[in-house]
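Every read-out reported here was derived from the displayed coordinates using simple, explicitly stated rules and does not represent laboratory data. This one's a predicted model, so the numbers in the text were calculated from it and none came from an experiment. We place every Cβ from the backbone using ideal geometry, glycine too, and count neighbours over all the protein chains shown.
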Amino acid sequence: MKNNVETLIGNALNGDRASIGRLLTYIERSPEIASKILSIIIQEKGGGHVIGVTGIPGSGKSTLISRLISHYKNSGLRVAVVAIDPTSPLSRGALLGDRIRMQEHATDPRVFIRSVPTRGVKGGLSFSGVAMIEVFDRLGFDKIIVESIGVGQTDIDIMNLAHTILVVTAPGLGDEIQALKAGIMEIGDIYVLNKSDKPEANRTYAYLDFALETGEIGSEKIKWKPRLVKTSAVMGQGIEDLVDIIEEHLQFIKKSGIYQEKIRVRRRYMVRLLAEKLFLETLENLSDSIEPTGKNIYEEAVQLLKETLSQFD
Amino acid sequence: MGGATNLLDLIKKTRNRRIKVLIAKLGLDGHDRGAKVVARALKDAGLEVIYTGIRQTPEQVVETAIQEDVDVIGVSILSGAHIPLMTKLMRLLRERGLGDIPVFLGGTIPLPDIPKLKELGIRNIFLPGTPLRDIIKETLEAALERSRE
Ligand SMILES: Nc1nc2c(ncn2[C@@H]2O[C@H](COP(=O)(O)OP(=O)(O)OP(=O)(O)O)[C@@H](O)[C@H]2O)c(=O)[nH]1
Ligand SMILES: [Mg+2]
C-alpha cells in the first residue's frame, strides 16, 4: 500500500477523481497511512479558503451550500465539500444525507463532495475530516466548505478548522433563538437567517439583528463585527449578499494575519484529534481487560493510563 | 433461523471495518419510501450509507460512487425503465474502472426481465417483499468479498 500511496497522490494531483476518492478512504482507514499521505502533500502555506457551516439542524445548511457551490463555480472557482453527519454510537452506522441537496453538482469536474461520519469516540469531528481538508487544499480547491452537524461538540470544533464560520438559522424551527444562544452564537463570523421566504422571517431577523447589536449574541472577534444576512436557499435569494460578506471576511483575515494563524490552529487541532483518537481507542481496548477491585479506583485508573501510554513506546 | 445467526456473525465481523454503501433512486419516479427503509436498515446494521435522494441519472450515481469511494451500490427503480437505466449504469461503471463494485437493484421488476439484468452484471435483484435481513446479509457479504480481493 505504501508505494501505492505515491502513485495515488500523483494521479490525484493530475485530477483523477477516483484516485482522490481512494486517497480520502486511505486517510479514513489508517492513521499511519494518513500520516504518510500528509507528509507528502501538506504545504506550509495552505491556499484554500476553508468555510465552516454550522447551525440549527434542518435550517438549510446543505441547500445553502449547494447555492454557494453554484456561485463559486460560475466565478471559475473549484469547490470541495466535507459533509459531516453523525455516527450512531450504538450501531456505528451512519446515514449520510447532506449530499441529497447538492447532487446537481455531482458530475461537475470542478466540484468534489465527500460525506464523513463523525465516528469519534466523543461524537465530535474526526481526525480524518480535518485531514481531508489538507488533501483538498493541496489539490488546489479554492473553497473548502465543511458542513458540521450543528449540535454539540462539532459546533465548537469548527472554530478550530475554518477560516470563516457561518452559523445558519431559520424561522419557524421552534426555539431557534434559544438554540442559538446555547453556545454557537459566540462563534459565527457571519450569521445567516435562511428560509427568509417564510412569513415569520422578519420577526426572527429583527430579533437576531437586535441581539447581535446589543452584544447579547456574537462575541468580540478581533475587530470583525459579526454580520447578519438573510437568505432563501430554495428561492436563491440573498446568495450574492452572503458571498460578498464571505469575501469581505476573507479579505479581513488575510490583511490581519488571521488567515495564516488559522491554518496553524487547524493543524495543531488535527494533531490533537489524532492523539485523542489513538489514546481513546487504546484505552478502550485495555479497559476491557481490567478487573477493578473497587478498593483503590484512583490507583487503578492511573495504572490504566500508564498501560495505555506504554503501548506507544 | 440459521439465516439470523449468520447475519449476526456477519455484522460482528464487519463491526470494525467501515463499509460504505451508496443508495440511489435512479430515474424519474419520485417514490423513495422503499429506498429510505433499506438505507435505514443498513445504517442500523452498522454500515455507512450515502443517500442521494430521488431522480438521479446514471452519471450522477457513478460520480457519487467515485467521490465517496463506496464498497457497494444499491439502486432502486420503480419507473419501469430499469433495463435502459441499468444498462447505462453498468456500462459507465466499467468505463470508469469501477466494474468491481457490486451492484444491487431493488424495485418492481417483472420476473422475465431478471435474467437480462443479471447478465448486465447486477449481483442480485430484490423484489418487493424481500426481507430486510436478506438485503443486509447480501450487502455485507458482497462488501466483504470485494475487500478480500
Ligand atoms: N422554505 C424554505 N425551505 C428551505 C430553505 N432552505 C432549505 N429549505 C428546506 O429545509 C429542509 C432542510 O434543508 P437542508 O439543506 O437539508 O438543511 P440542513 O441544515 O443541511 O439539515 P441537516 O444537515 O439535516 O441538519 C429541506 O426540506 C429544504 O428544502 C429555504 O430557504 N426556504
Ligand atoms: Mg445538511
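Here are the numbers for this structure:
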read-out	value
Pairwise centroid distance, computed over Cα atoms, of region A:1-76 with region A:252-313, Å	25 Å
Shielding by other protein chains, B:27-40, mean Cβ within 10 Å	1
DSSP-defined antiparallel bridges as percent of all bridges, chain A, nearest 5	5 percent
Computed over region B:18-148, Kirkwood Rh from alpha-carbon pairs, angstrom	14.4 Å
Test item: Cα-centred dipole of the protein assembly as shown, Lys/Arg +1 and Asp/Glu -1 on Cβ, debye	660 debye
Average beta-carbon neighbours from other chains, 10 Å sphere, peptide A:85-95	6
Point-to-point label distance, A:Asp313-A:Leu286, nm (Cα→Cβ direction, 7 Å offset)	1.1 nm
Relative contact order %, chain B, counting alpha carbon pairs below 8 Å whose residues are six or more apart	26 percent
Sorted peptide list for B:113-122, A:104-113, B:57-66, A:203-212, criterion being average Cβ within 10 angstrom, highest first	B:57-66, A:104-113, A:203-212, B:113-122
Within a Gaussian network of chain A (alpha carbon springs, distance under 10 Å), most fluctuating of A:Ser128, A:Ser289, A:Ser66	A:Ser289
Average beta-carbon neighbours from other chains, 10 Å sphere, peptide A:24-33	2
Residues B:Thr108 and A:Gln251, FRET efficiency given R0 of 60 Å [Cβ-Cβ distance, rounded to 0.05]	0.60
Phi-based couplings in Hz for region A:94-104 (Karplus 6.51, -1.76, 1.60; Gly and Pro marked x)	8, 10, 9, x, 4, 4, 3, 7, 10, 5, 4
GNM top mover of A:Gly238, A:Gly294, A:Gly76 - chain A, alpha-carbon springs below 10 Å	A:Gly294
Residue among B:Val37, B:Val75, B:Val21 with the largest mean-square fluctuation in a Gaussian network model of chain B, springs linking Cα atoms under 10 Å	B:Val37
Region B:18-148: antiparallel DSSP beta bridges as a percent of all, rounded to 5	0 percent
Residues in region A:270-300 that a label on A:Ser35 would reach, taking backbone N under 15 Å of a point 7 Å out along Cα→Cβ	A:270-282
Relative contact order %, chain A, counting alpha carbon pairs below 8 Å whose residues are six or more apart	18 percent
For peptides A:7-15, B:137-145, sequence by mean Cβ density within 10 Å, most packed first	B:137-145, A:7-15
Kirkwood estimate for region A:1-44, i.e. one over the average of 1/r between Cα atoms, Å	10.2 Å
Furthest towards positive pole of dipole, A:Gly55, A:Gly93, A:Ala80, structure part chain A, Cβ charges	A:Ala80
Rg over Rh, two decimals, chain A (C-alpha only, Kirkwood Rh)	1.00
Dipole moment magnitude, nearest 20 debye, region B:18-148 about Cα centre, only Lys, Arg, Asp, Glu C-beta charged	140 debye
Under 15 Å between alpha carbons - lysine pairs in chain B that sit 8 or more apart or on different chains	10
